[in-house]
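Worksheet: the structure to be examined is printed underneath.
The values are calculated or read from the model by the stated rules, or taken from the named source; none is laboratory data. Model, not experiment: these values are computed from the prediction. No Cβ is skipped: glycine too gets one built from the backbone with ideal geometry, and neighbour counts run over all protein chains shown. Accessible surface is based on the protein model in full, side chains and every heavy atom, while ligands, DNA and RNA are left aside. Shrake-Rupley method; radii C 1.70, N 1.55, O 1.52, S 1.80 Å.
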Amino acid sequence: MNPAIASPANQLKSQLRRQLLKQRQSLPPTTWREKSDRLCQRLRSLSLVENAQTILAYFSIRQEPDIQPLLIEPNLALRRWGFSRCVGTSLIWHSWTPDAPLITGRYGIPEPAADAVILEPADVDLILIPAVAGDSRGYRLGYGAGFYDRLLSLPDWSAIPTIGILFDFAYLPELPTDPWDQKLSAICTETRTVLY
């Protein structure tokens, strides 16, 4: 499984990624905030989120939906939250609280410190995954490096529920896919939640 390998779908994915990233980054800040807040409101009411004790999340970059308000939501603040560090071609997950330090990782993404407590798959109840796009079959388009597809192809991680997080304009009928693409358990946008 190597997303860098040329495939018939890769060119289509690259074109779609450029188009949707441009559209997302052209959102006015107030529109982005409103959409993010509405999306967080939807997430709060999902049983997958309500029933999870340990949730893996992400720090928003490139105007991804911002889910940070969930970290301070009174009903969710007692949850254990995890964030990733990129190590080689893998994601290593660490427990994190809002008062803990962050460093800037190699992709410019905030990451927990390397000495933060590591979370193993058995510790995790839910993974919130950023997406450039998602489709009606449960597939996700990411940035093309394959970090999440590699993670979710591992037996210990594949059984954990996943929710792809994206704005409604990036929810499409069908994405181009490759054999290594991993399906999500659900997709959540500011206007809909779709379970697979």
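Please state which one of TYR139, TYR148 is of a type in the set (Ser, Thr, Tyr), out of contact with any helix residue (DSSP H, G or I) (no Cβ under 7 Å at 6 or more places or on another chain), over 21 Å from GLU50 (Cβ atoms) and open to solvent by less than 40 Å² (accessible area, probe 1.4 Å).
Details: TYR139 fails: open to solvent by less than 40 Å² (accessible area, probe 1.4 Å).
After ruling out the rest, the residue left standing is TYR148.
When GLU34 is tested against (1) open to solvent by less than 50 Å² (accessible area, probe 1.4 Å); (2) within 17 Å of GLU190 (Cα to Cα), just one condition goes unmet, and that condition is (1).
Within region 63-103, the residues that satisfy the criterion of being closer than 24 Å to SER47 by Cβ and among the basic types (Lys, Arg) are ARG79, ARG80. Each residue in region 186-196 was checked for being open to solvent by 40 Å² or more (accessible area, probe 1.4 Å), within 19 Å of LEU126 (Cα to Cα) and not in a strand (DSSP E or B), and 2 of them qualify.
In region 59-102, the qualifying residues are those that are under 25 Å from ARG33 (Cβ atoms) and hydroxyl-bearing (Ser, Thr, Tyr), and the one that is surrounded by the fewest Cβ atoms within 10 Å (Cβ to Cβ) is THR97.
For region 162-181, taking the residues that are touching a strand residue (DSSP E or B) at 6+ places or on another chain (Cβ under 8 Å) and either open to solvent by 40 Å² or more (accessible area, probe 1.4 Å) or assigned to a strand (DSSP E or B) (or both), the one that is farthest from GLY142 (Cα to Cα) is identified as PRO173. Just to check your reading of the model, which residue among ILE163, ILE109 is within 18 Å of ALA57 (Cβ to Cβ) and at pLDDT below 95? Exactly one of ILE163, ILE109 is within 18 Å of ALA57 (Cβ to Cβ) and at pLDDT below 95, namely ILE109. Set side by side, the residues ARG80, ARG140, ARG85 differ, and just one is in contact with a His (Cβ under 9 Å, 6 or more places away or on another chain), at negative phi and among the basic types (Lys, Arg), which is ARG85. The single condition among (1) modelled with pLDDT of 95 or more; (2) buried (at least 19 other Cβ atoms within 10 Å of the Cβ) that SER26 does not meet is (2).
Given the options ALA133, ALA122, name the one that is surrounded by fewer than 15 Cβ atoms within 10 Å (Cβ to Cβ) and modelled with pLDDT of 95 or more.
The unique qualifying residue is ALA122.
Looking at this structure, is GLY134 touching a residue at least 24 places away in the same chain (Cβ under 8 Å) and more than 14 Å from the chain's Cα centre (by Cα)? No: the conditions fail for GLY134.
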